[in-house]
1. Six or more apart or on different chains, Cβ atoms under 8 Å: show the pairs whose first residue is in segment 21-50 and farther than 17 Å from residue 11 by Cα and whose second is of a type in the set (Lys, Arg) and assigned to a loop (DSSP other than H, G, I, E, B).
2. Looking at segment 41-77, which of its residues are under 16 Å from residue 1 (Cα atoms), modelled with pLDDT of 95 or more and charged (D, E, K, R)?
3. Looking only at segment 1-20, count every residue that is among the aliphatic types (A, V, I, L, M) and free of Cβ contacts under 8 Å to residues at least 40 places away in the same chain and tell me the total.
4. Got a number for residues in segment 1-40 being among the polar types (S, T, N, Q) and within 22 Å of residue 67 (Cβ to Cβ)?
5. Name the one entry in 30, 25, 51 that is among the aliphatic types (A, V, I, L, M) and under 10 Å from the mean Cα position of the chain (by Cα).
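The values are calculated or read from the model by the stated rules, or taken from the named source; none is laboratory data. In this text the structure is predicted, and so the values were computed from the model without any measurement. Please note: Cβ atoms are built from the backbone with ideal geometry, for glycine as well, and neighbour counts cover all protein chains shown.
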Amino acid sequence: MKTKVKALRTAAGMTQQQLAERVHVSARTVISIEKEQYSPSLMLAYRMAEVFGVTVEELCCLRENREMEDRKYEDLS
């Protein structure tokens, strides 16, 4: 899943380790989210959104991800 985690983190001048500590996960989890290899749980997304002062919808690019998923289903029809 595409997110804005890396962009928001770098704009905040925060390292992956610093973000990980603030949201109670490992730096490896943050790295995996930034590489789109792992989708954060709802609670983790909420914690990260709070850190950056954005909504979960904005952090997780929900509109864009939904549109991409909808296109996949349309292609199956």
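1. 36/2
2. Passing the criteria: 57, 58.
3. Going through segment 1-20 one residue at a time, the tally reaches 5.
4. 3
5. On the way: 25 fails: under 10 Å from the mean Cα position of the chain (by Cα); 51 fails: under 10 Å from the mean Cα position of the chain (by Cα).
When all the criteria are applied, what remains is 30.
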